[in-house]
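Report on the following structure.
The values are calculated or read from the model by the stated rules, or taken from the named source; none is laboratory data. The shown structure was predicted, so the numbers you read here are calculated from the model rather than taken from an experiment. As a convention, Cβ positions derive from the backbone with ideal geometry for all residues, glycine included, and neighbour counts pool all protein chains shown. Accessible surface areas use protein heavy atoms only, side chains included; no ligands, DNA or RNA. Shrake-Rupley method; radii C 1.70, N 1.55, O 1.52, S 1.80 Å.
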Amino acid sequence: MTEEVPKTADIVVIGGGVMGASCAYHLALAGVPDVVLLEKEPYFGQGATGRCAGGVRYQFATEVNVRLSIASLAMLERFKEDTGQDPLYRKCGYLFVLTDPKDLPTFQTNVRMQQGLGVGTEWLSGDDVRRLVPMMHFADAVAGTYHAKDGLADPNSVVMGYIEAGRRSGVRALTEVEVTGIALRGDAVAAVETRAGTIACEHVIDAAGPWAGVVGKMAGFAIPIVPVRRQMLTTTPLPQLPKDFPFTIDFAQSLYFHREGEGILTGMSNPAEEAGFDQSIDTEWEIVAMQAASERMPMLEGAGRLSHWAGLYEVTPDAHPILGAAPVEGLWIVAGFSGHGFMHGPISGKLMAEFILEGRSRTVDVSMLDLARFDEGRLIREYNVV
Ligand SMILES: Cc1cc2nc3c(=O)[nH]c(=O)nc-3n(C[C@H](O)[C@H](O)[C@H](O)COP(=O)(O)OP(=O)(O)OC[C@H]3O[C@@H](n4cnc5c(N)ncnc54)[C@H](O)[C@@H]3O)c2cc1C
């Protein structure tokens, strides 16, 4: 921590990942003079954001997720202009490979919906898939979907771009400040308690990612977000890998590959993973995942492991985020992106500023992503979860 924790703030943002950084930046940009961003770790963006695969895509199964991508990826396009930081946005395309015929009707409906919103996703035959990624073994592919404008961006650049631009507009962004409590006056927020002092404030944003439920409990209510471990590894250089290799997903196995430097980043979701905050690497699952990856991409047999890590998805019951007001006046939630929040970070921060300052989400209508939907049975299922 380089600065003292202030005694008061207009708005305190809890969590220095992509959501908190984007919220703080957009609030300051909208003219809030005294925004304080608190991160418990020594560096920003070391939670889910810093451990993510960096994938950004338009291909989703629900209209609201596609609309969030359309707005968010446009913001990534002009990120350097807006913040001065290059987000290293690279459009390598996303290829969903389908091997299970039962997935076809849903994906066909999704592609029509995406196209209806102006997204140019293409429907591919099994042969098209084999032609697009000839270095992979997809004899069992029955179809695929491909969108050339999907791709990758750099999580650290996006977080630090927002933090530094936010600071230039007056945000006080502090590390090594852990929030330990939220003090209420009646049903409203009165202050945020930290290990380094108390900050009196009327508005607090819970942007604590996989820890968002812990913050909710501090204010006395439940947020249905559970942390679920996911892990991945990168390989040593693979000179035979084409420069334009797309982000490729074997959907049935939840197994994915994308180019990372001169090698490959690959991961496979463990369907038996139980909820919990453990971020150590499951070495048994790593072997299972690596065998599956080598079967799909035989060139991996000659590669070494360069790095590996685990992180936490922040999972809600319908795999959609929670954006909006909490049951306590002055407390706001932006969390629960269920494995695809990095790409929706830019727009989500803007929407939270709109919620607080204008009373509604104006740029994209996300009113259906409120916390109350879980109690009221208004769940919205997302099929394209990797
Ligand atoms: C392995 C993996 C791969 C992924 N791949 C992708 C991908 O390809 N594309 C994509 O879009 N998304 C991906 N995601 C999901 C994405 O990373 C998350 O949805 C997104 O980063 C969530 O951002 P956040 O700011 O809400 O959470 P975080 O980045 O976790 O930030 C929350 C912050 O809050 C801090 N915090 C928590 N409690 C407190 C407290 N009490 N006081 C102060 N600070 C606190 C934490 O330290 C943390 O830094 C992936 C996630 C994982 C784990």
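Please express the Cα-Cα pair-distance distribution P(r) of the chain as a list of whole percents, one per 10 Å bin, running from 0 to the bin with the greatest distance.
Computed distribution, short to long bins: 5, 24, 33, 24, 11, 3, 0.
Using a simple spin-label model with points 7 Å from Cα along the Cα→Cβ vector, what separation in nm is obtained for residue 142 and residue 299?
Computed distance between label sites residue 142 and residue 299 equals 2.9 nm.
Once both labels are modelled 7 Å past Cα along the beta-carbon direction, what's the residue 370-residue 244 spacing in nm?
Calculated label separation equals 4.7 nm.
So for the stretch 185-338, taking the charge dipole from beta-carbon charges (+1 Lys/Arg, -1 Asp/Glu), which of 302, 214, 263 sits furthest toward the positive end?
Ranked along the dipole, the leading option is 263.
Given a 1.4 Å probe, how much area per residue of the stretch 303-386 is accessible, in Å²?
For the stretch 303-386, the per-residue accessible area is 36 Å².
If we count every other residue with Cβ under 13 angstrom of residue 221's Cβ, Lys/Arg +1 and Asp/Glu -1, where does the sum land?
Numbers: positive: 217; negative: 187, 206, 329, 375.
Here the count lands on -3.
How about the stretch 40-121: which chymotrypsin sites (Phe, Trp or Tyr not before Pro) there are in a DSSP loop, with at most 16 other Cβ atoms within 10 Å of their Cβ?
Details: sites: 43, 44, 58, 60, 79, 89, 94, 96, 107; in loops: 43, 44, 58, 60, 89.
Passing sites in the stretch 40-121 are 43.
From the square roots a ≥ b ≥ c of the eigenvalues of the alpha-carbon gyration tensor of the stretch 211-262, which class results: rounded (a/c under 1.5), prolate (a/b over b/c), or oblate?
Working: a/c = 4.31, a/b = 2.97, b/c = 1.45.
Here the stretch 211-262 falls in the prolate category.
What is the packing order of peptides 15-28, 156-169, taking the mean over residues of other C-beta atoms within 10 Å and listing the highest first?
Values: 15-28: 30.6, 156-169: 21.5.
The peptides rank, most packed first, as 15-28, 156-169.
Apply 1/(1 + (r/R0)^6) to the Cβ-Cβ distance of residue 10 and residue 131, taking R0 = 51 Å, and write down the FRET efficiency to the nearest 0.05. Mind showing how you got there, number by number?
Working: r = 56 Å, r/R0 = 1.09.
E between residue 10 and residue 131, to the nearest 0.05, is 0.35.
Can you give the calculated 222 nm mean residue ellipticity of the chain, where each DSSP H run of n ≥ 4 adds -39,500 (n - 2.57) and the sum is split over every residue, rounded to the nearest 500 deg cm²/dmol? Let's see the in-between values first.
Working: 10 runs with 105 residues, N = 386.
It lands at -8000 deg cm²/dmol.
Distance check, please: which entries in 149/217; 91/217; 102/149 exceed 28 angstrom between their Cα atoms?
Values: 149/217 40 Å; 91/217 40 Å; 102/149 26 Å.
Cα-Cα > 28 Å for 149/217; 91/217; rest within.
FRET efficiency for residue 3 and residue 306, Cβ-Cβ distance as r, R0 = 41 Å, nearest 0.05? Don't jump to the answer; show the numbers that get you there.
Numbers: r = 36 Å, r/R0 = 0.89.
Taking R0 as 41 Å, the efficiency between residue 3 and residue 306 is 0.65.
Rg/Rh for the stretch 95-210: what does it come to with C-alpha atoms and Rh from Kirkwood?
Numbers: Rg = 23.8 Å, Rh = 19.1 Å.
Using only Cα positions, Rg/Rh for the stretch 95-210 is 1.24.
Quick one: length gained pulling residue 178 to residue 282 fully straight, 0.36 nm per residue minus the C-alpha distance? Present the calculation step by step, with values, prior to reporting the outcome.
Details: separation 104, 0.36 × 104 = 37.44 nm, distance 2.77 nm.
Here the answer is 34.7 nm.
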